Structure formats: structure tokens, C-alpha cells
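Notes to accompany the following structure.
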Amino acid sequence: MSDWLERELALHLASVRAPEGLWDRLQLPPLPQRPRTSRFRWPVAAILTLAAASTFWLAARTHAAEPYLTARVVHAAQPQLPSVDWNLHCALPIRTSTFQLAAFAASQSAPDTVGCHQCHASVVN
Amino acid sequence: MVLEETGRELVAACQRGDREAFRALFELHKDRVYSIALRFTGDPADAMDIAQDSFLKLFSVIRQFRGESSLETFLYRLVVNRCLDRRRRERRLLPLVDEWAALLHAPEASPSETLLHTEMQARVQTAIAKLAPDLRMVIVLRYTEGLAYDRIAEVLGCSPGTVASRLHRAHKILERRLAPLARESRGGYV
């Protein structure tokens, strides 16, 4: 190795004085360690996501089934009312009168031609 | 010998939880720790982080220190491991800017000398920064701390032959990279 390089390395890599603030930094409490449970965060997140997705799926399925059930009850119930115009539909607003109508029409049967406007469900007799 | 005794007494006092002893130990080694970190990373902020981390680690494990090796060697290993483990992006230009500013304010140097020194400093440090970490660390321990081959080997946990080999390779690389600078410094045009 050349003397020039030896001299330059010794010159430019010489030891330096530490800054005055270093001791003050040692007085600060060390940064908090990340909790050990952090390695479980992805599995936990995945489980929570699956649980949330399952909940939404079940809720959506129940909600989707509800108008159909309601329609069946309404279709079965409404024929025996003298004033019914057979303008049946599955919308939620008529659900409040479903059970009164059902109780009243237990022994009646509806015409075969009657169905729901919206879902075309036939009347269950 | 006296220094060794002082060092042992300091370590014993630290192991008893003596706060003043911690301060004395820090004062004894702070420049050494900071210099290695600075010369390895090339960045004062990174060097401060490494020095802080190294001393905190030393103070936390000093009760387990049994004295199989000297405290200096033990401390060197702490610093070296932290330097090598450093995964942060290296910012090499900042210290050069700082040193440039400091040198421009130095009254004893003429502007041309200052400029030449700063340029040399920048090019030497850039060449060192491009070395592989294991080669760079050997260079830093050799030229910043002036450690002998066997001492470097003890710190790095390798053989003196490996240290010699790494130094040789590092020198070759640096000679090749800094050859133009050497010609310029001699004032010749080859």
C-alpha cells in the first residue's frame, strides 16, 4: 500500500470528539419496546376480518330472505279480506299488517292468478 | 496497568449501580464509541444514535460482564454490531456539508487549502463509504482506533489472517478509486 493512502486514511479517519449532547441523550428513557404481541397482529386482524365478513354475510342473507318470507305470509293472508284489491307486493311497509291478516285468513285460499308485483312470487295457500 | 485497575474498579462500581461510575465510564469511552460510529456511517445523526444505543446497552448488561475480555473489547463489539446491524439508509453527504461549513470558518487555513482539504475529505470518505461493510469496519478499526490485527480479530470474532486479507482487499480498492486524487495531490499530471 502506498504511503499516500496510509497518510490520507489516518488523516481523514482520525478519531473525533463526541458531541456534548450525548450524555444528555443517555438520560432520556429508552424508546418503548414494541409489545411482544405485535407478531400476532396479522393473524388477529385476519380473524377479525373473517368474523366481520361472516357477520355481514349472515345479516345480508337474513335480510334478503325476509321479504320473501313476508311475501309468502302476506300472499297467503290477504285473499280472504273482502276489500283486498290483490295489489300485492313484498315491500316492507305492509309487513306491519301481516300477522293480523294472517290470523283472519287461516281457512281461506287465494286465487291462483294472484302474485307479487315485484318478485312475481305466487300465493301460498 | 493503572488504567486497567481503574477500568476494573469502574466496572465494579457500575455493577453496584454507582451513577457517578457510569458517568466516568462514559467519559472514558465516549469519543471512541462515537468516532467508530461516525467513521463507519458517515453521518453524525446516525453516529449519535449508535453511540446512545451502545451505551444504553452497555449499562443494561454491565452486571453480567464477567471480564473474560477487556471492557474496551466488549464495548467495541457492541458498537461494531450496532453499526453492522444498521439498516437505515446511509446519508453520506450531510457530514461532508457540515465539515465543509466548519472548515470554512477555520481561521488558520487559507481558502484554497480549505477547499482542497474538504474535497480530499469528501472523496476519501465517499470511497470508504462504498466499501462493503466488513471491509469498511476493518478500515475504521485500523485507522480510527489504531487497533492491531489481533485486536481487530478479537473484536470481529475472526482470525488475524482474515483481518489481514480484508485490509489488503480494502487497500487495493481504495488505491484504485483514489488514484486520480493521489496524482493531483502530488501536483503531477500523468
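FYI, it's all coordinate maths here, none of it is from the lab. Please read all numbers here as calculations on a predicted model, not as lab measurements. Glycine also receives a Cβ, built like all others from the backbone with ideal geometry; neighbour counts cover every protein chain displayed.
Summary table below
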{"quantity": "Cα Rg, Dmax (largest Cα-Cα span) when computed across region B:2-85, Å", "calculated": "12.5, 36"}
{"quantity": "Net length gained if the chain between residue B:85 and residue B:70 were fully extended (0.36 nm per residue, minus Cα distance)", "calculated": "3.1 nm"}
{"quantity": "Efficiency of FRET from Cβ geometry, residue A:40 and residue B:27, R₀ 51 Å, rounded to 0.05", "calculated": "0.70"}
{"quantity": "All lysines inside 30 Å of residue B:172 as judged from Cα atoms, apart from same-chain residues fewer than 8 positions distant", "calculated": "B:130"}
